[in-house]
Every structure is written in C-alpha cells, then in structure tokens.
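Please read the structure below before turning to the comments.
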Amino acid sequence: MGEIVTDETTGRVGAEQKNNVAADPLLLALIHIANSEQILFCESSLTAGLPLVNGMLTPELSIQAAKRAGLSAQVVKRQVTEISSLVLPVILLLEGNNVVVLKSLDVENNKATAYFPLLGREDDVSLTDLDSEYTGFAIFTCPDRTSPESVKKITGIDSDRKVHWFWGVLGHSWRIYRDVLLASVFINLFALANPLFVMNVYDRVVPNEAVETLWALALGVFFVYVFDFLLKTLRVYFIEVAGKKSDVLLSAFIFERVLGVRYENHPVSVGAFASRLREFETVRQFITSSTVTALVDLPFVILFLLVVFYIGGSLVWVPLIIMPTIVLIAFVGQRFLHTTVLKMFSAAAMKNATLVESVSSLDAVKALSAESKLQRRWESSVGQLSFWGLKSRMISANVTGAAGFLQQLGSVAVVVVGVYLIRDNQLTMGALIACVILTGRVLAPLAQIAGLLVQYQQSKLALSSLEEIVNQPQERDSDRVYTKRTHIRGDIEFRNVCFSYPGEAQESLKDISFKINAGEKVALIGRLGSGKSTIQKIIVGLYQPQKGEVHLDGIDAKQIDPSDLRSEISYVQQDTVLFSGSVRENIIFGKNGVTDQEIIRAAEISGVSDFVDQHPMGFERAVGERGEMLSGGQRQAISIARSLIGRASVYLLDEPTSAMDNTSEAKLIANLKETLKEKSLILVTHKTSLLQLVDRVIVVDGGRIVADGDKETVLDALKRGQLRVS
C-alpha cells in the first residue's frame, strides 16, 4: 500500500500495521461502510463464531459478516474503471490480502478517493497505482433494506416469511434440479426407443426381410443410447454437485447453531447428542441418492401407461391393477417401520453415549473398577440396536421382495393376456414384447421407492431430530441490536436475582442482590453447592436469571453482545478444559493476533514457564486430548495463562489453584497481586491462602447472601462462630 498513499510516512505505518496480524483490513472496511451508513451494530458480533482464516475475514466470510452488520454484500469481478459511481462505496480487494474502500472515482482525471482501513484515513490515489495492486475483484455493499428485520423496523409490518433451514438450502440449488428434471425428461423419452425398436423389428423387418430397414433402426437406436448414457452421467453429476453444495452449507449452519445455543440448553449426554448430529449424513444420503432419480422418474409412469394403452389396448389394465397393490404394501410396511426405526435411533444414541462416556473417562472407570457395569450397558445397547436393526431390515426386505414379486408377476400377466389378444388378432407379436418391456418400466420406479422405505423413515426421524437441535434458543438474538461497548469498566450489580438450573425445581440463587465496583477484589465463599460458581456463570452470560437483573456498568447485561461481554471478562472455570494441541495453542485458544510477548508474559505470571522451560519442545509441547498428558496443576496454570491474554477488565476465578502445590500457588498469588492491581476480581475459593488477593468477602449459603463486608470483619465473624459456613 505504500506505493498508493502519497505520504512519506505511509511506508513505515503500513509496515507496522502489516506486522500486526490483529488488524483485519476487510473487517475494518466493513465497519467503516456500516458506520458511514449510520447502521447500528455491535462490532464484535461481525466475526463471532465465523471460521476465520489466520484470525481474519476472507471475501467469502465477509458476506456473512456484512449481513450481521445490516449490509447486503456480493463479491463481483469488475475493473475499476467499470465501477459505477452509483454503487460507491465499494471494497476493492488488493494484492497481499489488503483492501481499500473506494469512495469516489474520476476516470477522466485518472484519480480516486479511497479509505485505507489499516491507516484509518482517506487519501487521493491515481487509478494507475490503484489498478497495479487491484486483483480485479470487488465487494459491492449496500444497506439491506429488503430484509424482514429492516422492513419491520421501517414499516412496522412483520414480513418475515420463515424459510425452512433445510428445504431453503436445497432450494438454492433449484437450477441444478431443474437441469436434472430436464435430463430426466429426455432419458424417459429415450426409454421408449427400445420397445419401439423391438416392435418394428418383429412386425415389419422380420416378415419382410428388410435388412436395410433393420440397420437404419439399429443405427438410430445406437445414437439414442449414446445420448441416454451421456444424460444419465450428467444427471448423476448434477445430483452429486447439488448434494455437495447443500452438504457444506447445511453442515456449517447446523454446527453454528450448535455452538450458538444457550448454555442452559446444552445436551445432557454428549455421546447421544453426537449420535443425533451424525444422522445428518443419513438425510443427505437419502436426498442425493437414487431416491431423487426414482422420484423424478415417477411422473413418467403415466407416459409409459399411455404408450402401453396405445400399443396394447386392454393390456394396460395389468399394470394398473398391480400398481396400487405395490403402493398398499409399501404403505403398510412404512407403518411398521416407523416404530422399529425409532427404537433403532434410541439404541444407537445409548450405544454412542456409553462409548463416549467410557473412553473420555477411562481413568475413572479403571479406578472405580466399573468396567463390568459399562460392559453390561454396552452389550445391552448393542443387543437392542441389533434386534431392532434386524427387524427393520426384515420389514424392508419383505416389502422389497413383495414389490419385486409383483413386478415379475406383472410381466407374466402381460404375456398371458397378450397371447389371447394375439389369438384374437387384436395384437401383434412385436407389440406384445414392447408392452412387456414398457410394463417393467412402469413398475420399476414403484418397486424402487418401496425398497427405500427404511432410508425414508431413518431420514424422516433424523430430520426431526436435527429440527430440535436447530430450533434450540440461540445465545445471540439476531433481531436484537446490542448496545455497543468498547470497554467494560467492571461495575457489576445483581438486583434480586433468582435462578434455577434447567429441570430443577429448587432455586440455586434466591433473591441475590449485591454490587461490586470497578477494580474491587471480592471473594465468594460458602458451602458446596451454595451458588458461588452459579453467580460467576451468570456474570459471564452462560446463564440468564429467571428473575431479577444483572447490570454491568449500569446497563442490563442482556443488552451487551455476548462476544463483547466475554472479551472483557476472563473466566477460569473450576474444571479445567484443554484441547488437543500444544501448550501455545491452548494459551491462545479463541484469541486472534496474540504476540509471542503476550504469551511469554502470561506464562510467567501463571507459572506455565516453570514446566515449559524444562521441556525440549517448550511451548510446542503437546498436552494430549483434554490435557491428559499434563498434571492437574499444569492444566490449571495453562487455563490461568489463557485468561491473561486479551484486554479483560474483569477476572472470574473459580478454585484456580485447587490442584497446585503450595510453592506454585504462592508464586501465582504474588504475580496476580501485581497483575490484577487495577482489575476487578471475583474469586471463588475454599482456600484461605487465596484470600490475600481480595479486600471484600461475600458469604453465600443456600443460594442466599448471608454476609457481605470487608475481609477482616467477615473472617473474624466466621472465626467467632457468628456465621456457620464451612
């Protein structure tokens, strides 16, 4: 960019911004355009949950980010000189993953005005210099005034026509399915070539020994079959392309909904939940398999019946009688299959839940000698799955066999009836053979669909299961414009908060009220299960109170975007969670643009450096799945280091040193005293040594606050027995 901006300091500033990987030029460009359009939005919500590449937006992801900002965006290939001034501002994609926002264009004078996101200012540039770095692709944006949300805000009319998440995505491929239908029309028309060819050979060529006519007919049929082969190949290709496109979009959508679900609605059994998610593959295979071709070919049954009637007359009654019989058998079989497939799903979920729970907690299983119990549970679920699977396959096989039997019976019946018609001079030999072939074409789609009943029932139940997942309440309300917060000071206030966990009748918090000022250091102490950790989870937005309000800096926490909230609040959970990868990857997990200096600083404060420096791999040391290659204290140190990365102003620590030795704990306390000097701290602990970090103590018991005051006063009351809290 130094070649474009005519400022002698630009090269230096541009280099500094380039080294700062946290600077996302595409994101900054979208923010600039949205601000210029005076659109209200929360900046952090633009990228929250998106699969960023190296912590930055890509042109493809910018479409989703723009939608969140209330903009409609599209990537277009267009030369700079061909861009109309009516569509400005436009984001131009430059070499080196850089962008500029084109604000005005003067082609005659070879100049333009552009906004440089990395520099944060506008400058005049020559079109020649701009074009030398322009990739030829631009992102056109405009306020999305046609969205249901925008229409409702402007007119007060709710014009939101709910588009189904599954069928709506399939609808995006309607042009492909249109081509599939067109190909099917010709394929089914070409299917008439074979019976007509045979009929003419038997009725005209053979009696008259017309060899020339035979070769002419054969050559014509040959070309028809060549085109038929090409069209069938293209039809399969189109179906697979549509399936792949839908698979990518639907998989991304489902996983986004899973990650965005409210925490109180998270699944109780991870294994059973994973089993339900995996059933999406069943739906996808059903939609993109031979089912599509069978359904597309079904309407052409009428065409073949008309041809049978034209050629064989009363012979058409044979397939007309057999067709409803096949449909009836398929309907009856489907009624039985529904129950068996439902039982299969339940058994499969139990089997998967047992497997995941056993493997993920193998150390506890061995320590408790619980192998026998889990083995019985596994064998029981496998036995149930095998039983109901066998039953469903037998029903399907019987239906398929019956449909095949009727299809063969139909061919025999056509021959028998046809012989009588030939005897009465109402039918020719060639016409009879043609009718036999056409009858097979009439009954084949029905028999094929009858054989797909098991897949249909599985797909139907899988789609219903996925529907429940997709419709779970989401943490981020797409219809709400959150209050933009560039910084949270740390004033926290609970106003008559009541909360009970999902499915629990007893309240965990009962009319809780307190206020913590910015920079204050507070400890929450109390009995096991008194509600201390619950208070922290409500502060960080994992749970919402059923009654009362939680205010941050005087604003209801519900009005703050969850991504904004959690960027300002660091939460160290009681149960340390690490992910497969290295120590470095776990420290910066979920963070973008973290420098080595920040990692080293966090590691020194938390004590990670003490064991990393002694390992030959250093920060690249593998932690294993769930951090199983590290000790409990080491995992806690990494979790604390992770919390120190970023710009948090509030720290929530829940038993942060429960697995640490006294030396490591003492060193951590000394470091945290200095590090959190100007930060807010809410500490949950049963260790009196950690109370060195706080000045105020809140005692929670039975979901209520029983004491709140300065540390010395509350601890003295506890010692005197004036408060009975363990």
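The values are calculated or read from the model by the stated rules, or taken from the named source; none is laboratory data. Bear in mind that the values here come from a model prediction, so they are computed numbers and not experimental data. When we count neighbours, we look across all protein chains shown, and the Cβ atoms used for this are built from the backbone with ideal geometry, even at glycine. For accessibility, only protein heavy atoms count, side chains too; no ligands or nucleic acids. Shrake-Rupley method; radii C 1.70, N 1.55, O 1.52, S 1.80 Å.
The shape of the chain can be summarised by an equivalent ellipsoid whose semi-axes, obtained from the alpha carbon gyration tensor, come to 64, 39, 23 Å from longest to shortest. Report, in degrees rounded to the nearest 10, the 0 to 90 angle that the Cα long axis of helix 25-36 makes with the longest principal axis of the chain. That helix lies at roughly 80 degrees to the long axis.
With helices as the sole contributors, the chain gives -17000 deg cm²/dmol at 222 nm; each DSSP H run of n ≥ 4 counts as -39500 (n - 2.57), and the sum is divided by every residue.
Which of the three applies to segment 293-337, rounded, prolate or oblate, going by the alpha-carbon gyration tensor with a ≥ b ≥ c and a/c under 1.5 meaning rounded? Taking the square roots of the gyration eigenvalues as a ≥ b ≥ c, segment 293-337 is oblate. Scaling against 2.2 N^0.38 Å puts the C-alpha radius of gyration of segment 251-363 at 1.72.
Kirkwood radius, segment 421-498, all distinct C-alpha pairs, inverse of mean reciprocal distance: 20.4 Å. For segment 324-442, the Cα gyration tensor yields ellipsoid semi-axes of 56, 11, 9 Å (square root of five times each eigenvalue, largest first, whole Å). Quick check: the distance between the Cα centres of segment 247-284 and segment 523-573, to the nearest angstrom? The distance from the Cα centre of segment 247-284 to that of segment 523-573 comes to 26 Å. Other residues lying with their Cβ under 12 Å from the Cβ of Leu181 contribute a combined charge of +1, Lys and Arg counting +1, Asp and Glu -1. In percent, rounded to a whole number, the relative contact order of the chain is 12, using alpha-carbon pairs under 8 Å and six or more apart.
Across segment 659-724, C-alpha contacts under 8 Å between residues 6 or more apart give a mean separation that, scaled by the residue count, equals a relative contact order of 18 percent.
So what does the Cα-only Debye profile of segment 571-686 read at q = 0.10, 0.20, 0.23 Å⁻¹, as log10 I(q)/I(0), no solvent term? The calculated log intensity ratios at q = 0.10, 0.20, 0.23 Å⁻¹ are -0.25, -1.11, -1.52.
The region of the chain that goes longest without hitting one of the chymotrypsin sites (Phe, Trp or Tyr not before Pro) in a DSSP loop, each with at most 16 other Cβ atoms within 10 Å, is 1-578.
Straight-line cross-link partners of Lys366 among the aspartates and glutamates, defined as a Cα under 19 Å from its Cα and at least 8 positions apart when in the same chain: Glu357, Glu379, Glu625, Glu628. In loop segments of segment 48-143 as defined by DSSP, the GluC sites (Glu not before Pro) with at most 12 further C-beta atoms inside 10 Å of their C-beta are Glu95, Glu108. Between the helical axis of 662-675 and the longest alpha-carbon principal axis of the chain there is an angle of about 80 degrees. The residues Cys142, Cys435, sorted by heavy-atom accessible surface at 1.4 Å with ligands and nucleic acids left out, run Cys142, Cys435 from largest to smallest. Between helix 429-451 and the chain, what is the angle of the helix's C-alpha long axis to the longest principal axis, kept within 0 to 90° and rounded to the nearest 10? Roughly 20 degrees, rounded to the nearest 10.
Over all orientations, segment 473-615 has a Cα convex hull whose mean projected area works out to 11.4 square nanometres.
Using only Cα positions of segment 186-330, each an equal point scatterer, no hydration layer, compute I(q)/I(0) via Debye at q = 0.12, 0.13 Å⁻¹ and quote the log10 values to two decimals. For the requested q values the scattering log ratios are -0.77, -0.84.
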